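First the structure, in the form of structure tokens, and then the observations on it.
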Amino acid sequence: MAPPLRPHLLLANSKRLCEDRGSPRMRHQKKTIKLGRTADHRRALLANQVCALIEHQRIKTTLAKAKAVRPLAERMVTLGKNGSVHARRRALAVLRQKNAVKKLFDDIAQRSAERNGGYTRIVKLGARKSDSARMAFIEWVDAEHVAEEKPKKQKKAKREEPEAKPQETTPEAAQPEREEPTAEAPAQKPEEPTAPPAEETKPKKRRWFGRKSGDS
């Protein structure tokens, strides 16, 4: 008769086998977006993106980066709404740009004082031509102004303006006054040098060598 199955032992054996083989475990409760970068590189990237968002009010990036920037940007606005010296130092430790921190606390946080969360907006734009990466805009909800759009080109008029008709003139006015030709001395043409006459070639006499005229 076979021994009864013991599920807890089977689970322990499977975990031991996974550890021995070196296979990765499942990523439970790990929501960090890696972005294919190391931790230090990722922190610097997100801090620069937030500083650019503070300066330009709206930035264009990939959808994955926009979703990774949003939590950090909203956390910085929460520190700005606090307004204490300690909050400024915490924001400066993350962003590392004094001008961006000053604008965040003095301008952006004040505009969002009556809003409880949801300070940013993501607008999807579609795929990029080069590598088909999904692009998006990320911007502040309470932004003062949106980036200026390019002016539309003016369409050319289909109908051309009719040409102005020429005014009718009388035959007397149409004929211009003829000027009398003035007698001028003909200009002397420069004499061309004449080529010397070619010498006539005389026919050459044949000479009969070794034979006299008297001999026949």
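General remarks:
- Proxy reagent accessibility, fewest Cβ within 10 Å first, across 59, 122: 122, 59
- When you work out D = kT/(6 pi eta Rh) for the stretch 35-140 at 10 °C and 1.306 mPa s, using the Kirkwood radius from C-alpha pairs as Rh and the Stokes-Einstein form, the result is 112 µm²/s.
- Over the stretch 35-140, relative contact order from alpha-carbon pairs under 8 Å, at least 6 apart, %: 35 percent
- The stretch 35-140: Lys pairs at Cα distance under 24 angstrom, eight or more positions apart or on different chains: 16
- Label-point gap, in nm, between residue 113 and residue 57 - each point 7 angstrom along Cα→Cβ: 2.0 nm
Computed from the coordinates by the stated procedures, all read-outs in this text should not be read as laboratory data. Since the model is a prediction, treat every value here as computed from it, not as a measurement. Neighbour counts run over all protein chains shown; Cβ positions are idealised from the backbone, glycine included.
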